[in-house]
Amino acid sequence: METIFAWIAVVMIVITSAGLLFVRDWRWSIILLAVQYLGMFVLTLQHWPVGMASVKVVAGWMSAAILGMTRSGLSNDLEAEESTWTGGRLFRLFAAATVVLITSVVTPAVDTIMADAGFPVTNGGLVLIGMGLLHLGMTAYVLRVSIGLMTVLSGFEIVYATVEGSVLVAALLAVINLGLALVGSYLLIASNAQEPESI
C-alpha cells in the first residue's frame, strides 16, 4: 500500500514540476510548488517518521507562502519580465519529457548506489533535481529562479533522506529552504524597487 502512495506521489511530482515550466501566472506557480512539497512529504515518509517528514512539508509551505506574500505585495509591472515565458512551449514539453526519460533510465543504477532506497523515492528525487535544473536554465526571473532552486533542493532532500535520518540534518535543510525563500523574497523586492535610469 505504501508503494502505491509513493508512486502516486511520483506522478504528482512529475505533473507539478513540469507544470512549473508551463504556467505563467505566479499564483499557479506557488500552488504547484506547495503541491510538490506534499509529494515530497509522501516520499520522505518512506524512510523517516511522520514528525521528521512533516518538517519538510511545513518548511516548504512556509517558503511558498513567503514567496507568494512578497509577490502579491509588488506591482504588476513584473509581468512584463515574464512576457517571453509563453514562447517555446513545445521545446519545454520536449525538455521535460527528456528529463523524465533520463531519470527513469538511471533510476535502477542510482537506487542500487543508494542502498535500495526504493524506485519511487529515487525516481521522485531525481525528477525534482532534473526539473529544477531545467527550470534554472530557462529563466532569469527572480521568482522562477527561487522556485527552481527550491525544486532542486527538494529532490536532494528526498534522496538524502534515504541515507541520513538525523533530526539536526532535517532542521538544517529546513532552515536552508526558508533561507532560499527569504533571499528570493528580498531580491524580488529589490528588483521591484529599481527605477529605470533617466536619460
The residue that is nearest to the chain's Cα centre (by Cα), considering only those in region 158-193 that are surrounded by fewer than 18 Cβ atoms within 10 Å (Cβ to Cβ) and among the β-branched types (Val, Ile, Thr), is Ile176
I'd like the full set of residues that are farther than 26 Å from Gly179 by Cβ and not in a helix (DSSP H, G or I), limited to region 115-149. Ala115, Asp116, Ala117, Gly118
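Before we move on, is Glu157 at pLDDT below 85 and assigned to a helix (DSSP H, G or I)?
Working: at pLDDT below 85: no; assigned to a helix (DSSP H, G or I): yes.
So Glu157 does not fit the description; no.
The values are calculated or read from the model by the stated rules, or taken from the named source; none is laboratory data. No experiment lies behind these values; they were computed from the predicted model shown. Every residue, glycine as well, gets a Cβ built from its backbone with ideal geometry; the counts of neighbours run over all protein chains shown.
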